[in-house]
Amino acid sequence: MQVNFYATLRPIVGGRTVEFDVGEHVTVRQLVGVIVERFPRLRKELLNEDGNLYPHVHVFINGRDAPYLPNGVETVIKPGDTVDIFPAVAGG
Amino acid sequence: MALGGYANRVAHVDLTAGTVEYRGIPEDWARKYVGARGLGVRYMLENGPQVDPLSPDNLLCFMNGPLTGTEANMSGRMAIVTKSPLTGTVTDSHHGGWSAARLRWAGFDGLLVKGKASGPVYLYVHDGIVEIMDASEVWGKGVHDTVKFFRERYGEKDLSVIAIGPAGENLVKFACWVNENDRASGRGGTGCVGGSKLLKAVVIKSAKKMPKAANLDAWKPAQKRALATIMDERNITSPRKGGLSVYGTNVLMNITSAMGALPTKNSTITSFGPSAEKISGEYVKEHILVDDPTCHACPVACKKEVEIKEGPWKGLRMESVEYEPAWSLGANCGNDDINTVAKLIDMCNDYGMDAIELGHPLSIYMEATERGYTNGAGGLAWGDTMAMVEMARKIAMREGIGNVMADGAEATARYFGHPELAMTVKGQGVPAYDPRGLKGMGIAYATSNRGACHLRAYTPAAELGVMPFGSLKVDPLAWKGKGELVKIFQDVHAFSDSLDLCKFSAFAESAEEYAAQYAAMVGVECTAEDVLKIGERIYNLERYYNNLAGFREGSDYLPARFTQEPSTMPGSEGHVCELDEMLAEYYAARGWVNGVVPESKLRELGIID
């Protein structure tokens, strides 16, 4: 599964898009677990002390922030879904 | 005046008579409206809301707040306040850099300019005095050459130059003032008002004389606490760690595009797809970034200076590739060439034009071309970079069709016979957030007192979850609660714009930090609740001005494209902006009647007796 990273996360993963070897029916929560296992430095960027995503971190599935999907971070990612992960970003 | 912190000196300049008078600030006004934006609008009300923006009777205010030029973080801000020739509303537009601090160090809280000179002039501000000087030698010059000229005349040390360029001289309706080459008070056509008065520049020479707080014991901890919030790694302001500091404002380009909230090709779609990456902050950092300049008292350094390394503008070094103009002249125009984006922003800085607004007449022309609406007026294709550069020049110089486009988006759309192509509110083009994907921006644009604007109520802070320390996050696609949310943002920003602190301080500081710094500097009691009340008063003052200027029921709206044409892009697909529902909620929260401030509200807030 391909995952796109942005802003300050890119130097940690070494580029824009990273391929992760995950099985079918992986949920957002499980994918994040796989990601932080491969890139331990991402843990403190993405997860709070309880192991949940920070509110300012965005895991988009097809452009929608996972917590707002009907099943939240338990949403199963389908083949072909676009996954984008952003740290806190704003400006304007 | 009993209040501390202020210079208590405002220069009243009459360009017709060639005179300058110096007066204190009415204390009642300072207490009620603080400074910068709020105080400037109060002076505007006194001058009369019926004034023609381009008549000598219009007032042009260069205003500082009580924190400007102090040790307060992000306090290098100045508000330029006037009646806008683009919108017909009162407007204020802020810039960073050092000119605001130097104006304060030179001994002023503000300069109020009225009348019209008999020939080009500039104001030379130094040592507590303002001199009206002949500007014939620089009239016709671009901003960059104007700055160079004054640096040679007065020396670069301790000097700031705020200037208009040819666009202001030619009365382009969205001409702006540019400070120190590249920091624009962009919105609302304040530079056009300068041009109408034959005022070319404000030149300020002053060494650092940091104002002292009225309550020194309270000031140190208040300032220290505010700094700690900005430095904290949990906030995006964190120097060299937070996204805003590392990538600048353009760190937003990819996320708004990914979530279907990037108005693209004149808002016909809500995402720029893979092309967003090519004009993003990440791309800039990787390919053309050369420096991270900053402003007075700011550790964030969000400015991004770039150097173009290839193509027709190779060697051009400029600042700053910001999110808003990168969107306006990029995605909005179907242009994914970052070099051309940088070139166009640099042209805007030199001609003295609002880089956000420029994208609107361009993208309207492009959509009109695509739809066959140009009626023999030639054509402009999406993303035609060379043609965009040439058209920007024509607009600044009012040549050919550029003469029409120089009057703004609505004039351009009318010229093509299709006013619905103008993505404007009260005559001003929308900025870089599509309200079908970020609903809070819809009610913020509609109810902004200066026309479509993202900075009156920066709801993406909540909708993207970057409030200080993650204190609030709301669904960008939900409309419920956004009316009330926008009111709170508007009130807090009205206060901070009057201090005058950079808007980005709101990503780290809360109303408590604003209150503590203001209270210590000025020597009054102030709580977070007071911040909201004063901000509410300022927002109502502006609305009252606009009501008197003719903006009555029905003046708060959005272009139909946002309310009637659903987004077709991932993230916001199927969504429109539910403006009517949010407006009802908003007016209830404000206590307004269909956009009009009732007399009872004006009395309650102490705006009228």
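Readers should treat all values here as calculations from the given coordinates under stated rules, not as data from a laboratory. Everything quoted here is computed from the prediction, not taken from an experiment. Cβ coordinates were reconstructed from backbone atoms using ideal geometry, including for glycine residues, and neighbour counts include every protein chain displayed.
Extension gain B:TRP29-B:ASN375, at 0.36 nm per residue separation less the Cα-Cα distance, in nm? Write down the numbers at each step before the final one.
On the way: separation 346, 0.36 × 346 = 124.56 nm, distance 5.28 nm.
Between B:TRP29 and B:ASN375, full extension yields an extra 119.3 nm.
Using each residue's phi in the stretch B:449-456, evaluate 6.51 cos²θ - 1.76 cosθ + 1.60 at θ = phi - 60° and report the 3J(HN,Hα) Karplus result to the nearest Hz, with x for Gly and Pro.
With the stated coefficients, the stretch B:449-456 comes to 7, 10, x, 3, 7, 8, 9, 6 Hz.
Going by a ≥ b ≥ c, the root eigenvalues of the Cα gyration tensor, does chain B fall in the rounded group (a/c under 1.5), the prolate group (a/b larger than b/c) or the oblate group? Intermediate values should be presented prior to the final figure.
Working: a/c = 1.32, a/b = 1.15, b/c = 1.15.
It is rounded, given that a/c, with a ≥ b ≥ c, falls under 1.5.
What is the antiparallel percent of DSSP beta bridges lying wholly in the stretch A:1-88, to the nearest 5? Don't skip to the end; give the middle numbers.
Working: 11 of 13 bridges.
The antiparallel proportion sits near 85 percent.
Rounded, prolate or oblate, given the Cα gyration tensor of chain A, with a/c below 1.5 counting as rounded?
On the way: a/c = 1.30, a/b = 1.17, b/c = 1.11.
It comes out rounded by the Cα gyration axes.
Averaged over peptide B:279-292, how many Cβ atoms belonging to another chain are found within 10 Å of each residue's Cβ? Please list the in-between numbers first.
Numbers: counts 0, 2, 4, 6, 1, 0, 3, 2, 0, 0, 0, 0, 0, 0.
For this peptide, the per-residue mean of nearby foreign Cβ atoms is 1.
At 7 Å along Cα-to-Cβ for each site, give me the label-to-label distance between B:GLU529 and B:LEU316 in nm.
Placing both labels 7 Å beyond Cα along the Cβ direction yields 5.4 nm.
Show me the helices of chain B, taken as full DSSP H stretches, that run 24 Å or more along their long axis by Cα and average 0.0 or above in Kyte-Doolittle hydropathy. Numbers along the way, then the final one.
Working: long enough: B:355-371 (25 Å, -0.05); B:482-499 (25 Å, 0.05); B:528-548 (30 Å, -0.73).
Correct list, ordered by number: B:482-499.
Specify which residue in the list A:GLY63, A:PHE20, A:TYR6 is farthest towards the positive end of the charge dipole of the protein assembly as shown, using unit charges on the beta carbon of Lys, Arg (+1) and Asp, Glu (-1), about the Cα centre.
Comparing the listed Cα positions along the dipole, A:TYR6 ranks first.
Kindly state, to the nearest 0.05, the FRET efficiency for B:ALA387 paired with A:THR82, given R0 = 35 Å and r defined as their beta-carbon distance.
Working: r = 33 Å, r/R0 = 0.94.
With a Förster radius of 35 Å, E is 0.60.
Quick query: amide H of B:VAL130 versus all other amide H atoms, modeled in the peptide plane; which residues come in under 5 Å with a sequence gap of 5 or more or a different chain?
Placed amide hydrogens put nothing under 5 Å from B:VAL130.
Using a 10 Å cut-off around each Cβ of peptide B:463-474, what is the average number of partner chain Cβ atoms that fall inside? Walk me through the intermediate numbers first.
On the way: counts 2, 8, 10, 7, 4, 0, 2, 6, 1, 1, 6, 0.
Mean partner-chain Cβ count within 10 Å for B:463-474: 4.
Roughly speaking, what is the stretch gain from A:LEU69 to A:ASP21, that is 0.36 nm per residue apart minus the C-alpha to C-alpha distance, in nm to one decimal?
On the way: separation 48, 0.36 × 48 = 17.28 nm, distance 2.35 nm.
Between A:LEU69 and A:ASP21, full extension yields an extra 14.9 nm.
Can you give me the distance in nm between label points at A:GLN30 and B:SER118, each placed 7 Å from the Cα along the Cα-to-Cβ direction?
About 8.4 nm separates the two model spin labels.
At a threshold of 8 angstrom on Cα-Cα distance, excluding pairs fewer than six apart, so keeping six or more, what relative contact order does chain B reach in percent?
Details: 1546 pairs, mean separation 97.0, N = 609.
Rounded, it is 16 percent for chain B.
What length, rounded to one decimal in nm, is gained on full extension from B:THR16 through to B:ASN403, with 0.36 nm per residue of separation minus their alpha-carbon distance?
Numbers: separation 387, 0.36 × 387 = 139.32 nm, distance 2.81 nm.
Taking B:THR16 through B:ASN403 to full extension adds about 136.5 nm, to one decimal.
With label points built 7 Å along Cα→Cβ from the Cα atoms of B:ARG9 and B:GLN50, find their separation and express it in nm.
According to this spin-label approximation, the distance is 3.7 nm.
I'd like the mean, over residues of B:251-260, of how many other protein chain beta carbons sit within 10 Å of each residue's own Cβ.
Working: counts 9, 6, 3, 7, 11, 2, 2, 10, 8, 3.
That average works out to 6.
Given R₀ = 25 Å, what would the calculated FRET efficiency be for B:MET1 paired with B:ASP217, taking r from the Cβ atoms and rounding to 0.05? Intermediate values should be presented prior to the final figure.
On the way: r = 21 Å, r/R0 = 0.86.
With R0 = 25 Å, the Cβ-Cβ based efficiency is 0.70.
Going down the list B:LYS212/B:LYS503; B:LYS83/B:LYS173; B:LYS241/B:LYS343; B:LYS309/B:LYS343, which pairs span over 18 Å between their C-alpha atoms? Please report the intermediate quantities before stating the final value.
Numbers: B:LYS212/B:LYS503 23 Å; B:LYS83/B:LYS173 12 Å; B:LYS241/B:LYS343 28 Å; B:LYS309/B:LYS343 12 Å.
Beyond 18 Å: B:LYS212/B:LYS503; B:LYS241/B:LYS343.
Averaging sequence separations of C-alpha pairs under 8 Å and six or more residues apart, then dividing by the length of the stretch B:164-288, give the relative contact order as a whole percent.
Numbers: 141 pairs, mean separation 16.2, N = 125.
Averaging sequence separation for qualifying contacts and normalising by length gives 13 percent for the stretch B:164-288.
Take B:THR82, B:THR270 and order them by how many other Cβ atoms sit within 10 Å, fewest up front. Display every interim value, and only then the final one.
Working: B:THR82 27, B:THR270 30.
In order of increasing Cβ crowding within 10 Å: B:THR82, B:THR270.
If a/c stays under 1.5 just call it rounded; otherwise compare a/b with b/c (prolate if a/b is bigger, oblate if not). Do that for the stretch B:148-244, with a ≥ b ≥ c from the square roots of the Cα gyration tensor eigenvalues. Please list the in-between numbers first.
Working: a/c = 2.43, a/b = 1.73, b/c = 1.40.
It comes out prolate by the Cα gyration axes.
Just want the ordering: B:HIS12, B:HIS95, from fewest to most Cβ atoms lying within 10 Å of their own Cβ.
Details: B:HIS12 17, B:HIS95 24.
The order, fewest Cβ neighbours first, is B:HIS12, B:HIS95.
May I ask you to sort B:GLU420, B:GLU390 by Cβ crowding, counting other Cβ atoms within 10 Å and putting the fewest first? Don't jump to the answer; show the numbers that get you there.
On the way: B:GLU420 9, B:GLU390 14.
Result, fewest neighbours first: B:GLU420, B:GLU390.
Given the -39500 (n - 2.57) contribution per DSSP H run of 4+ residues, what per-residue ellipticity at 222 nm results for chain B, rounded to the nearest 500 deg cm²/dmol?
On the way: 25 runs with 235 residues, N = 609.
It comes out at -11000 deg cm²/dmol, rounded to the nearest 500.
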